[in-house]
1. Which of the DSSP-defined H helices in the chain satisfy a minimum axial length of 20 Å, computed from C-alpha atoms, and a minimum mean Kyte-Doolittle hydropathy of -1.0?
2. Give me, ordered by chain and number, the residues 5 or more places off THR203 or on other chains with an amide H under 5 Å from its own placed amide H.
3. Where the centre of each part is set by its Cα atoms, how far does region 2-53 sit from region 196-274, in angstrom?
4. Any idea what the dipole of region 175-222 comes to, in debye rounded to 20, about its Cα centre with Lys/Arg Cβ at +1 and Asp/Glu Cβ at -1?
5. Go through THR291, ASN99, VAL117 and say which Cα lies farthest out towards the positive end of the charge dipole of the chain; charges sit on Cβ, +1 for Lys and Arg, -1 for Asp and Glu.
6. Of all the C-alpha pairs in region 128-240, what % are more than 19 Å from each other?
7. Taking H as built 1.01 Å from N, whose amide H comes closer than 5 Å to the amide H of ASP125, not counting residues under 5 places away?
8. Grab the other residues whose beta carbon is less than 15 angstrom from that of ALA284, score K and R as +1, D and E as -1, and report the net.
Amino acid sequence: MSDVPDGRGVLVRILRVGVDGTDKEINAAEYGAAPDGYDFLVIGHEGFGQVEAVGPNVSFLRPGDFVVATVRRPGKSLYDAIGLQDMTTDDEYFERGINLRHGYLTEYYVEDEQFIVKVPQGLKDVGVLLEPMTVAQKGITQAYEIQRRLKVWRPRTAAVMGTGTLGLLAALVLRLRGLEVTAFGRTPEPYLNARLLEAIGATYVNTAERSITDAVKQSGRFDLIFEGTGSSAVVFESMQAVAKNGVLVLTSITGGDKRLEVPADRINLEFVLGNKVMVGSVNASRDNFETGVRDMSQAEAEYPGWLRQLLTDPVRGLDNYRDLFERLQNPNGAIKIFCEVSAS
């Protein structure tokens, strides 16, 4: 732990690491860069582990604590200097397991305690979901922060575009805030994700049977839309489904060159006359990790066992990394694929 200044180092033994589409792209050499001085990148940004040892000046963590480390690391911008590196304006940014910093798909890591969040023992079976949960936390929190301008914004209805891990967690966060939630996916029922949505009081819509536009005609537009499909076509459909004074949160990463024909004048007119907001959201801050812990704890109380059902596809041991990525390449209905690195 000598490489962490001022005795703030924390040695963490990895228990589980989740994988997602970002890991698949990095593994295919489509994205990501190795840290300076290395010709390889240790991937895995969804780590969950247990503290093994701490430096002399670590204040709030002790051996045996369950923890998750954040992903972004500070750069040079003003936002990085105040702990909001997820809002950096730097062209070069640092993400553990993604870009210029090694990740957590390993046996141990060492980190400064300021980048580590304690997870209650009661969440140890689902703690690997905290990092993806924070993506939903940040986007939804940003929507509420923006709408403080309205003084009395009281959203009632929300839509979630996409019903994978992120979509399910976003629906959960919105339900915990008391909103009526409709989630849009492309898989026909019977469908585990649809059953999970119904279990928390959300509604599932299969877009192969009913389009977003048709659903809006029936139920009305949405006060808050969380979009995470990876499809720019769905983004533009979502823009037309936002209610007056509503917010559309975009989390999709679309790196292609797709061209679309859209009713641009009408979209622009309705955004202006309706005081609508569209905001992009990427990564998460420490605050989002901490609110994620609180929401996961609340979810365990209100919907016992629900989060565990998202952990559908464990792969045991780092030696089975080929199996891990074969499952990621061909998920076959999996919700969360993850590596069981070691036992707690």
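1. Values: long enough: 130-146 (24 Å, -0.01); 286-302 (24 Å, -1.35).
Counting only whole DSSP H runs, the qualifying helices are 130-146.
2. VAL181, THR182, ALA183
3. Distance between centres, Cα-based: 34 Å.
4. Values: 7 positive and 5 negative charges, 36 e Å.
The dipole of region 175-222 has a size of about 180 debye.
5. THR291
6. Values: 2667 of 6328 pairs.
It works out to 42 percent of all Cα pairs.
7. Close amide H contacts, sequence-distant or interchain: none at all.
8. Working: positive: ARG72, ARG73, ARG96, LYS138, ARG286, ARG294; negative: ASP20, GLU46, ASP80, ASP86, GLU95, GLU131, GLU145, ASP287, GLU290, ASP295.
Surrounding charge for ALA284 is -4.
The values are calculated or read from the model by the stated rules, or taken from the named source; none is laboratory data. For clarity, every value in this text was computed on a predicted model and none was experimentally measured. Note that each Cβ is placed from the backbone with ideal geometry, even for glycine, and that neighbours are counted across all protein chains shown. Note: accessible area is taken over every heavy atom of the protein model, side chains too, but ligands, DNA and RNA are not part of it. Shrake-Rupley method; radii C 1.70, N 1.55, O 1.52, S 1.80 Å.
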